[in-house]
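Asker: Below is a structure I'd like to ask you about.
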Amino acid sequence: MAKSSSLCHLISQHRCSTSFGGTFFFLPLSLAISTLVLIFLYNFCTTSKVFTSNDNNLYQESSPISSLIQQMIPFSFENAADEIFFSPRSSPMSKGNLFGLDGNYAKNTEIYHDEDLFQQDYKEMNRSLKIYIYPHTKDHPYANILLPVDYDPKGHYASELYFKKVLSGSHFITQNPSEANLFFMPFSIVEMRHDPRIGVEGMQSFIKQYIYNISQTYPYWNRTGGADHFYVACHSIGRFAMDQVFEAKFNVIQVVCSSSYFVAGYVPHKDASMPQIWPRQGNPPDVDSLKRKQLAFFAGTINSPARVALLKVWGNDTAIFAHFGRLETPDADQLLDAKFCLHVKGFEVNTARIVDAIYYGCVPVILANHYDLPFADILNWESFSVVVHYMDIPVLKKILQRISLEEYSILQSNTLKVRKHFQWNDPALDYDAFYMTMYELWLRRGSVKVN
């Protein structure tokens, strides 16, 4: 350290020659100017093509489909050659090799990243994790938003309501805040949306006032700036719930279904992804003896460029059944008949289609760039699903057809193994969606030192 300091002192005292010094300072200046020119050219080129006109909005259904595809996938479909493959699982030079059958077979087919570690931590979580729920009474004017529901939740956003209901009656709850690892703010985004006193427009103000109230009434928020607090939201608008509370936006743990790491409001590893699950009663169907005839299946509305691309390329295909709109027959018929079921990003990266596929034993194919998949800290998604980039839509059939029978058998077998992790139960059952979500929270406890 002394030698380094002496050297710095000598350099500062004995300047370089004038010519060398001029060159030394000219180079950074030249680089800076060049960088500014490049940034200007880049912004000019991109904004002139994408942002200068509303006609280029990829989400406007009035735009011709071919135009949308051209903007989204910048090459012709006729010349979609093998080199556009971005996933090693779909290498055109070899058939199969989805799981690295050349020597890494066992590792890549395991449904957990590290099952021994997971089991060890799971036991410790059940033993030691404590959650404090901020208390509210039944006569509170917003009891419908703050208290758990007294019925079995239904619909697309049931995960949010199920979590609060099951948590409230679980062994993780403590009435002693001093022993809590985490603090749960129990407001419901789903209920706020439909409450005429709040609605979507008043949600951020409601949450800002809620945080102010707990910070003035209790000491726990102020100790960490909310970093040991969490809330749960399955509707995408929950991502913007903290926009009026700057500190909370970047501190609070968000447990959300719309978990896109491309969006500024979601921070992977701080926040956690929760699956969007359409609740079903009873046991999943027995699919072991099914002979699946269809290669792939998708049904849904056209509300994103990815779905427009899927329609353009595979709308009339016989192997990939891509239907846009509501089917005349139950979706379950197609989910049971297809080998692969497509989850294609709509307005958000998440839908219930992934869990629908898993429930019916159909291997999920995920077309949702930037999706932080549920329970990805625990589950090895490559062992039971196929993740495809948007750019690979023109060669989707080739990707799926090159998955060998042996590889498909492993994928489907693992799909059935992970079923239990994507189901809600009341009361909760070991390893179900509730316990998996609690494990994600357990991983995030104690990451901030309490003052």
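The values are calculated or read from the model by the stated rules, or taken from the named source; none is laboratory data. None of these values were measured; they are calculated from a predicted model. As a convention, Cβ positions derive from the backbone with ideal geometry for all residues, glycine included, and neighbour counts pool all protein chains shown.
Asker: Name every residue in region 383-407 that is surrounded by 18 or more Cβ atoms within 10 Å (Cβ to Cβ) and either of a type in the set (Ser, Thr, Tyr) or outside the structural domain of CYS362 (by TED's automatic domain parsing) (or both), in order of residue number.
Answerer: Result: SER383, SER385, TYR390.
Asker: Looking only at residues in region 106-123 that are among the acidic types (Asp, Glu) and touching a residue at least 60 places away in the same chain (Cβ under 8 Å), which one is farthest from ILE173 (Cα to Cα)?
Answerer: GLU110
Asker: When you scan region 259-304, how many residues do you find that are touching a Leu at 6+ places or on another chain (Cβ under 8 Å), assigned to a strand (DSSP E or B) and over 17 Å from SER236 (Cα atoms)?
Answerer: Within region 259-304, residues that are touching a Leu at 6+ places or on another chain (Cβ under 8 Å), assigned to a strand (DSSP E or B) and over 17 Å from SER236 (Cα atoms) number 5.
Residue by residue, here is whether (1) in contact with a helix residue (DSSP H, G or I) (Cβ under 9 Å, 6 or more places away or on another chain); (2) over 21 Å from LYS249 (Cβ atoms); (3) in contact (Cβ under 8 Å) with a residue 24 or more places away in the chain holds:
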{"position": "ASP152", "(1), (2), (3)": "yes, yes, yes"}
{"position": "GLY169", "(1), (2), (3)": "no, yes, yes"}
{"position": "GLU179", "(1), (2), (3)": "no, yes, yes"}
{"position": "PHE183", "(1), (2), (3)": "yes, no, yes"}
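Asker: Pairs under 6 Å by beta carbon, first residue closer than 18 Å to LYS165 by Cα in region 220-236, partner buried (at least 19 other Cβ atoms within 10 Å of the Cβ) and of a type in the set (Gly, Ala, Ser), six or more apart or different chains?
Answerer: As it stands, the answer is CYS234/SER159, since those pairs meet every condition given.
Asker: Just to be sure I understand, how many residues within region 411-440 are in a helix (DSSP H, G or I) and free of Cβ contacts under 8 Å to residues at least 12 places away in the same chain?
Answerer: 1
Asker: Something else: Can you tell me which residue among LYS345, LYS293, LYS312 is charged (D, E, K, R) and either assigned by TED's automatic domain parsing to the domain that holds ASP432 or buried (at least 21 other Cβ atoms within 10 Å of the Cβ) (or both)?
Answerer: When all the criteria are applied, what remains is LYS345.
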